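First the structure, in the form of structure tokens, and then the observations on it.
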Amino acid sequence: MTIEAKYGVPTVAMHTDKFDRVVASVAKVNGMPGLRQVFVPQPIMGKTARQLRAYVDGIDPITGRPVMQEVIEGLTRPSPDDGGMQFDRSTPRLVPADTAENLDQLFLEQHWTDGLPIVLPTEARVAAMLAGTKRKPDEVVGRMRSTHFREHWEYTVEKVAVNAVMAGARPAYFPVILTLAATGITARSSSSSAMASMAVVNGPIRDEIGMNAGIGAMGPYNHANATIGRAYGLLSQNGQGGSIPGLSYMGNQGNAYAYSSITFAENEERSPWTPFHTQHGRAAQDSAVSVFSGVRTTAFTLGLPEKHWRQHVEHMLRGMDPHGPPTLLLDPIAARQFVDRGNFTSKELLIDWLYDTARMRASEYWNYQLIQNYIYPRATFGEEPWASKLKAADDDMIPMFRREDIHVVVVGGESNGYWRIMGCNYQRTVSVDDWR
Amino acid sequence: MSEKLTVLNPLGYPPKITPKALAPRLSTLEGKTIYLVDCRFDDSDVFLKQMQAWLAEHMPGVKTVFKPISSVYLQDDPTTWEEIKARGHAAILGVGH
């Protein structure tokens, strides 16, 4: 769109057919509904040159016309007149009054829910939620979008309250929910990789609102954990203007973590190390939320058996996609085992060891599809550390991750020493106290 | 008859859309230079090279330039766009997944 609109170069954009609704929508919201888009079958990835030549020689599966005819006409036929197109971009404050049953159905049909029953956001309920903060209802909290190419939508304190009510949250939780909204990081990415998000809460707010850092913390057993996480998902999909499969959500398999956005408190009291938020610029007495995106890969095991614990961890790390760096979620028992076995007396020492341990042959690393898509271009552009990695010989063992992308959080109730690795990307840590 | 409720709309506020004009189309591709711009996603380079071969076979009067973007598709690439504007007449970008 940039090359067409800003540089004045007639352009045709090629896409695979699964994305026809997405790209039409993106073109429209960018003010170019007439953008020339031509489609070939999905997938491109892994096809031979001969198979892809057949795509070129073949038919556009969306229009039924020859692909190359579409391309040539897209570059030579005058643009259709889009001048009369109207864009309805308003959002009314209220939904037309109706029965609860009909409203439930409306919210479902509009894709305003996560498919589960919601609490209808009546004015009284929203007003009660708004009492959970001193911020004004019309204050803008942030902006969000589902993907890089879409436009940012904006939301106010009241809009966040509406979604918090829908999720079943209590007013006491509202500052945490507002904080999640203020990050501007969506929990409803439209990535075809089916991302979820994760939120870790630290500081006094955990006990004030009864969050769980112990047994079942990441499961459906605590009202605050469950509804704050659900609110994060709902405010994301609605705050950003939608998360509709095939239109504004393309996660190929979906991700069950997205129901709760894996929201929990760190078990600071039973951790042998400093709390997560203090590693990211906050004081121990501050309340803060740390957000991770791109949650996809998971590896898990029990404890650290004395003889081969290093190899076990190495294999777990090697099982991660190198584009999804590891965040270790350690039950306190497992955390103390890392201290005992490896003398990792701080999270930083453990992270140093994880960074050194997570290695693979350079040729294997560069062959990963996500590395090809997202890292290799940056390496060839000279970005470090990838540019240096690119100079490695095929058999050199190179780090899979950047050190700064590896993290450790302590969570669990010590019913056993199970622990896991989440492949995900730490984004930022934001103060809850600012949103009380 | 069930009571009617008034509830709030959960959607955020969209930005205004400013319509943008497309670039004028070419009267012919004959004698023109078309950039085939590889967005470096999945195997789009393989696909675009097949399209380049098709153009060489069927439209030999069209000059083509295969051009990978400088970095990942998530980043703007003004250097490449400037080159295309200066040296080319049209562009084919691909492949968005």
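The values are calculated or read from the model by the stated rules, or taken from the named source; none is laboratory data. Fair warning: this is a prediction, and the values are worked out from it, not measured in the lab. Please note: Cβ atoms are built from the backbone with ideal geometry, for glycine as well, and neighbour counts cover all protein chains shown.
Is there a residue being more than 7 Å from chain A (Cβ to nearest Cβ), more than 15 Å from the chain's Cα centre (by Cα), farther than 15 Å from B:P68 by Cβ and surrounded by fewer than 19 Cβ atoms within 10 Å (Cβ to Cβ) anywhere in segment B:8-18? No. Limited to segment A:111-124, what total is found for residues that are under 29 Å from the mean Cα position of the chain (by Cα) and on the phi < 0 side of the Ramachandran plot? Qualifying residue count, segment A:111-124: 9. Scanning segment A:48-72 for residues that are closer than 17 Å to B:L36 by Cβ and within 10 Å of chain B (Cβ to nearest Cβ) gives A:A49, A:L52, A:R53, A:Y55, A:V56, A:D57, A:V67, A:M68, A:V71, A:I72. Of all residues in segment B:37-49, those satisfying the criterion of being facing chain A (nearest Cβ under 7 Å) and part of a helix (DSSP H, G or I) are B:S44, B:V46, B:F47.
Matching residues to (1) modelled with pLDDT under 95; (2) not in a helix (DSSP H, G or I):
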{"residue": "A:F174", "(1), (2)": "no, no"}
{"residue": "A:T186", "(1), (2)": "no, yes"}
{"residue": "A:A194", "(1), (2)": "no, yes"}
{"residue": "A:I215", "(1), (2)": "no, yes"}
{"residue": "A:G219", "(1), (2)": "yes, yes"}
{"residue": "A:I228", "(1), (2)": "no, no"}
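Taking each residue of segment A:15-29 that is more than 9 Å from chain B (Cβ to nearest Cβ) and looking for partners that are among the basic types (K, R) and not in a strand (DSSP E or B) with beta-carbon atoms closer than 8 Å, six or more apart or interchain, yields A:V26/A:R150.
This table checks each residue for (1) in a helix (DSSP H, G or I); (2) closer than 20 Å to A:V38 by Cα; (3) free of Cβ contacts under 8 Å to residues at least 12 places away in the same chain.
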position	(1), (2), (3)
B:S2	no, no, yes
B:I17	no, no, yes
B:L26	no, yes, no
B:G31	no, no, no
B:Y35	no, yes, no
B:M51	yes, yes, no
B:T64	no, yes, no
B:T79	yes, no, yes
B:K85	yes, no, yes
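Counting only residues that are surrounded by 20 or more Cβ atoms within 10 Å (Cβ to Cβ) and within 26 Å of A:A124 (Cβ to Cβ), segment A:140-152 holds 2 of them. Checked against (1) farther than 23 Å from A:D321 by Cβ; (2) in a loop (DSSP other than H, G, I, E, B); (3) charged (D, E, K, R), A:D394 passes all but condition (1).
Across segment A:148-168, which residue is farthest from A:S260 (Cα to Cα) among those that are part of a helix (DSSP H, G or I) and touching a Lys or Arg at 6+ places or on another chain (Cβ under 7 Å)? It would help to see each step written out before you state the result.
Residues of segment A:148-168 that are part of a helix (DSSP H, G or I), as a first pass: A:157-167.
Those left that are additionally touching a Lys or Arg at 6+ places or on another chain (Cβ under 7 Å): A:157, A:165, A:167.
Numbers: A:V157: 21, A:V165: 15, A:A167: 10 Å.
Checked segment A:148-168; the qualifying residue farthest from A:S260 (Cα to Cα) is A:V157.
Is it the case that segment A:380-397 has a residue that's surrounded by 15 or more Cβ atoms within 10 Å (Cβ to Cβ) and away from every other protein chain (no Cβ under 14 Å)? Yes: one or more hits.
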